[in-house]
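Okay, structure first, notes after.
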Amino acid sequence: MTSHNSCTSGGMRSGAIAFILLGSLVLAGCSGGAPADPGPSSSASEPSSPSATPTPTPTPSAVYKPADASGPAQNVPVPVLPEVAKTETKEGLEAFAKYWFEQLNYAYQTGDIAGFDAVTSPNCVYCSKLTASLTTNYQGDRWLAGGKITTPASTTSFERSSDGNFQVILQVLQSPVIYYETGGKEFRTASDGSNTGNVLLANFVNGAWRVNDLHPIR
């Protein structure tokens, strides 16, 4: 897993997965429907008839649009922390690890790293390289397309190590990443997709899980 700076980092190997956070504007979905039409009033000289129940106006839902050469992603679904991920259990840790990568994927697509930072220790060196890469690659009117991150498999022994961390081993997939700037021009060579193993280190503090480090398996 490598961070995508505009220059190559000697400490990050090219064979590791690319985690890049995609900047975009998240468009809020519309809510509510139009007021129901009460219909015409009955005449006093005419017998009244039952009025039909007006059909509710469907609430429009924002449609997700992935990034492409025309612009960044729109209406990206916001990850939701499962209830089980709030528990200090084996199932809770596995659910949290998956959620953490969903937050990373969301940040990659939208440029919004608040959710990612909220569940990541500032002492995570590798994570800091990811956010530094974000800053570099999203300067000015730049954005990324592709690079979707998924975690099809994960496992943990749920044993606390001497440093207080629990380990989760995950298979992490990422699709190819394309780097765009104004006019839909590519400002650097696209990155290949990847399929790698990663070790995530996390602990449970003050009633919540937090990632302390991430190590690609070489």
| said: Condition check: farther than 19 Å from V119 by Cα and either open to solvent by less than 40 Å² (accessible area, probe 1.4 Å) or among the aromatic types (F, W, Y) (or both). Does S157 satisfy that? | reply: no
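Can you pull out the residues in region 192-207 that are open to solvent by 30 Å² or more (accessible area, probe 1.4 Å), of a type in the set (S, T, N, Q) and in a strand (DSSP E or B)? Please lay out each step first, then the result.
Restricting attention to region 192-207, the residues satisfying the condition of being open to solvent by 30 Å² or more (accessible area, probe 1.4 Å) are 192-193, 195, 203-207.
Imposing the further condition that a residue be of a type in the set (S, T, N, Q) reduces the set to 195, 203, 206.
Across region 192-207, the qualifying residues are N195, N203.
Quick check, is K65 basic (K, R), surrounded by fewer than 19 Cβ atoms within 10 Å (Cβ to Cβ) and in contact (Cβ under 8 Å) with a residue 24 or more places away in the chain? It would help to see each step written out before you state the result.
On the way: basic (K, R): yes; surrounded by fewer than 19 Cβ atoms within 10 Å (Cβ to Cβ): yes; in contact (Cβ under 8 Å) with a residue 24 or more places away in the chain: no.
No, not satisfied.
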| field | Whichever residue in region 124-149 is assigned to a helix (DSSP H, G or I) and in contact with a Pro (Cβ under 9 Å, 6 or more places away or on another chain) and, among such residues, is farthest from V199 (Cα to Cα) | value | S128
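For region 164-218: of the residues being among the aromatic types (F, W, Y) and under 30 Å from G92 (Cβ atoms), which is nearest to the chain's Cα centre (by Cα)? So that I can check it myself, show each step before the final result.
So in region 164-218, the residues among the aromatic types (F, W, Y) come out as 166, 179-180, 187, 204, 209.
If we keep only those that are under 30 Å from G92 (Cβ atoms) as well, we get 166, 204, 209.
Values: F166: 23, F204: 22, W209: 17 Å.
Of everything passing the filter in region 164-218, W209 is nearest to the chain's Cα centre (by Cα).
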| task | Can you give me the number of residues within region 187-218 that are closer than 25 Å to L81 by Cβ and touching a His at 6+ places or on another chain (Cβ under 9 Å)? | result | 4
| query | Which one is farthest from G207 (Cα to Cα), of the residues in region 97-123 that are of a type outside the set (S, T, N, Q) and touching a Pro at 6+ places or on another chain (Cβ under 8 Å)? | reply | G111
| task | Please tell me if G140 is at pLDDT below 95, surrounded by fewer than 20 Cβ atoms within 10 Å (Cβ to Cβ), more than 17 Å from the chain's Cα centre (by Cα) and not polar (S, T, N, Q). | result | yes
| task | Residues being in contact (Cβ under 8 Å) with a residue 60 or more places away in the chain, of a type in the set (G, A, S) and part of a strand (DSSP E or B): count how many of those fall in region 162-191. | result | 1
| field | Count of region 112-159 residues which are free of Cβ contacts under 8 Å to residues at least 12 places away in the same chain and more than 23 Å from P77 (Cβ to Cβ) | value | 6
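The values are calculated or read from the model by the stated rules, or taken from the named source; none is laboratory data. These figures come from a predicted structure and were not determined experimentally. Counting neighbours? That spans all protein chains shown, and the Cβs are built from the backbone with ideal geometry, glycine included. Ligands, DNA and RNA are stripped out before the accessible areas are found, and what is left, the full protein with its side chains, is counted by its heavy atoms. Shrake-Rupley method; radii C 1.70, N 1.55, O 1.52, S 1.80 Å.
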